[in-house]
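See below for the structure under consideration.
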Amino acid sequence: MCGIGGVFSTDELPDVLLARMQDGLRHRGPDGEGRWRDPCGTAGLVHARLAIIDLTDGGAQPMRSADGRYVLVFNGEIYNYRALRAELEAGGARFSTESDTEVLLTLAAAHGIEGLRRLRGMFALALWDTHARRGLLARDGFGIKPLYYANTASGLLFASELRTLLATGAVDFRLDPVALGDFFATGSVPEPASLVEGVAVLPPGHTLSWEGGRATLERFWSVHFPPPTVSARSEAICLTRAALEDSITAHFVSDVPVGLFLSGGIDSTALLSLAARAGHASGMDTFSIAVDQASHDEAGVAAASARRFGSRHHVLRLDGGSAADSLDSFLDSMDVPSVDGFNTWTVSRFARSQGMKVVLSGLGGDEMFGGYPSFRNVPRLRALVSAARRLP
């Protein structure tokens with residue numbers, strides 16, 4: 001997880017603003033960091049790097065275009081960057097690195113927002129045009145990578161983490177009472193709100209264009225569901241399997257090993273099976289947590305799945321004492337409060353201790369395929385809410 005941040009302004013920026021941003025993001029990128037300030041002093045970008053593609057210094061950020069006009073910081077990964085690179089090269093573009101960052105920069109410089117529609121991957125980015133004095137923020141269509149922003153007296157501030165904005169001293173720390181109420185009601189804060197007044201989350205699939213102190217939001221991508229054309233259950237199964245196999249193949253585009261969080265559930269086990277079909281499971285590192293309470297322990301099932309598909313399995317045994325000992329570190333690592341996430345944080349730290357940088361997860365599978373029985377009530381609840389809105 002890289003980290004990005006920066007400022008677009010009409011006034012000259014104090015150096016301390018960018019320095020504080022960089023300090024706040026440093027923990028997100030152990031493989032390098034960079035800072036760039038526009039010669040006019042009215043814009044700046046910072047980056048903390050976790051190297052996944054092109055591990056050399058060629059992938060360092062902020063990255064400038066060959067003509068020096070555009071500067072980019074980017075958090076994420078573009079899975080189809082090789083195909084995009086080939087197309088750009090066919091059109092005359094030349095590349096000096098093997099990174100997806102340079103492909104993204106070249107595509108955005110040449111095609112702007114239209115180019116973003118062609119990206120397959122997860123990303124949050126900031127692009128500055130030194131000639132037009134114009135900035136652009138963008139976030140992937142599913143909102144996988146976070147990006148917060150705030151209009152302040154110092155300009156438009158943005159960063160991968162909320163606390164990075166607060167660390168600059170340019171954003172006042174005032175809790176948003178509506179967002180706080182939503183958090184206590186649902187366990188999360190619905191985007192685009194944040195817990196801090198005046199700080200928003202860039203919505204998924206949106207850009208924010210900034211010029212001369214004015215910011216404009218625009219949707220560039222949305223989920224599109226064409227009318228169903230599948231007539232047989234077997235055909236639906238075949239299409240779904242093909243889509244999942246295509247997705248798992250894309251997620252193995254990496255210059256570092258890719259692991260997997262493996263529970264005893266259907267979602268992560270299916271991912272391991274798909275990885276095996278794609279030829280990646282043998283020797284792949286998988287990670288799970290074991291607990292003492294038998295009714296909640298899935299470690300045995302996970303280990304059996306690992307043996308079946310030939311992955312190199314790692315198990316972390318978690319009891320009440322070790323969980324309590326790590327609670328302070330967990331809370332310190334959280335950017336915003338959450339009623340969930342301790343398991344994910346624990347197994348992520350465990351995987352990192354084993355040298356991993358990239359690990360796949362089955363999170364979201366239940367939501368996509370209705371894995372929890374309670375999801376069957378969603379249509380009924382929606383109808384009840386719709387009826388309740390018609391009452392006096």
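The values are calculated or read from the model by the stated rules, or taken from the named source; none is laboratory data. As the structure is a computational prediction, the values presented were derived from the model and not from experiment. Note that we place each Cβ from the backbone using ideal geometry, even for glycine, and neighbour counts take in every protein chain shown. Ligands, DNA and RNA are excluded from the accessible area calculation, which covers all protein heavy atoms including side chains. Shrake-Rupley method; radii C 1.70, N 1.55, O 1.52, S 1.80 Å.
With the full set of protein chains in place, find how many percent of the accessible area of segment 74-169 is carbon and sulfur; take the probe as 1.4 Å.
51
Please find the FRET efficiency linking residue 110 to residue 278, where r is the Cβ-Cβ separation and R0 is fixed at 51 Å, and quote it to the nearest 0.05.
Efficiency for this residue pair is about 0.95.
Each residue of segment 213-225 in order: what ³J(HN,Hα) in whole Hz does its phi give by Karplus 6.51 cos²θ - 1.76 cosθ + 1.60, θ = phi - 60°, with x for Gly and Pro?
After applying 6.51 cos²θ - 1.76 cosθ + 1.60, I find x, 10, 10, 10, 8, 8, 7, 10, 8, 8, 5, 10, 10 Hz.
Across segment 178-183, in residue order, what do the Karplus-derived ³J(HN,Hα) couplings come to in whole Hz, using 6.51 cos²θ - 1.76 cosθ + 1.60 with θ = phi - 60° and x for Gly and Pro?
Result, ordered by residue: 5, 5, 5, x, 5, 5 Hz.
How far is it, in nm, from the label point at residue 66 to the one at residue 230 when both lie 7 Å from their Cα along the line to the Cβ?
The two pseudo-label positions are separated by 4.4 nm.
I need to check one value: relative contact order of segment 9-119, counting alpha carbon pairs closer than 8 Å and at least 6 residues apart, in percent. Write down the numbers at each step before the final one.
On the way: 147 pairs, mean separation 22.9, N = 111.
Relative CO of segment 9-119 lands at 21 percent.
With labels modelled as points extended 7 Å from the Cα through the Cβ direction, what inter-label distance (nm, one decimal) is found for residue 375 paired with residue 219?
Result: 2.3 nm between the two label points.
In a Gaussian network model over the chain where Cα atoms closer than 10 Å are linked, find which of 377, 151, 80 has the largest mean-square fluctuation.
In this elastic network of the chain, the residue with the biggest mean-square fluctuation among 377, 151, 80 is 377.
Of the listed values (i) 24.2; (ii) 23.0; (iii) 21.8, grab the one calculated as Kirkwood radius over Cα pairs in Å from the structure here.
Correct label, based on the coordinates given: (ii).
Applying the Karplus parametrisation 6.51 cos²θ - 1.76 cosθ + 1.60 with θ = phi - 60° to the phi angles of segment 152-169, what ³J(HN,Hα) value in whole Hz is obtained for each residue in order, glycine and proline being reported as x?
So the J values, rounded to whole Hz, are 10, 5, 8, x, 7, 9, 8, 6, 6, 10, 4, 5, 5, 5, 5, 5, 6, x.
Rolling a 1.4 Å sphere over the protein heavy atoms, what is the accessible area per residue of segment 1-72, to the nearest Å²?
Computed with neighbouring chains in place, this is 41 Å² per residue.
Assuming R0 = 35 Å, can you tell me the calculated FRET efficiency for the pair residue 368 and residue 131, based on Cβ-Cβ distance, to the nearest 0.05?
So, using R0 = 35 Å, E works out to roughly 0.20.
Taking amide H positions as placed in the peptide plane 1.01 Å from N, state which residues far from residue 121 in sequence (5 or more) or on other chains have amide H under 5 Å from it.
Amide H to amide H, under 5 Å and 5 or more residues apart or across chains, residue 121 pairs with 79.
Just to confirm my numbers, what's the Cα centroid distance between segment 315-392 and segment 145-221 in Å?
Centre-to-centre (Cα) distance: 22 Å.
Can you compute the modelled spin-label distance between residue 27 and residue 338, with each label point 7 Å from Cα toward Cβ, in nm?
Each label point is offset 7 Å from its Cα along the Cβ direction, giving 1.4 nm.
Carbon-plus-sulfur fraction of the accessible area of segment 294-373, 1.4 Å probe, in percent?
54
Given contacts defined as C-alpha pairs under 8 Å and at least six residues apart, what's the relative contact order of the chain, whole-number percent?
Relative contact order comes out at 12 percent.
Can you give me the relative contact order of segment 283-334 as a percent, contacts being Cα pairs under 8 Å and 6 or more apart?
Working: 49 pairs, mean separation 22.2, N = 52.
Contact order relative to length: 43 percent.
Counting other C-beta atoms within 10 Å, and keeping those with at most 15, which DSSP coil chymotrypsin sites (Phe, Trp or Tyr not before Pro) do you find in segment 42-96?
Those satisfying the criteria are 95.
Choose one answer from 54, 340, 11: the residue with the largest mean-square fluctuation in a GNM of the chain with alpha-carbon springs under 10 Å.
Top of the fluctuation ranking is 340.
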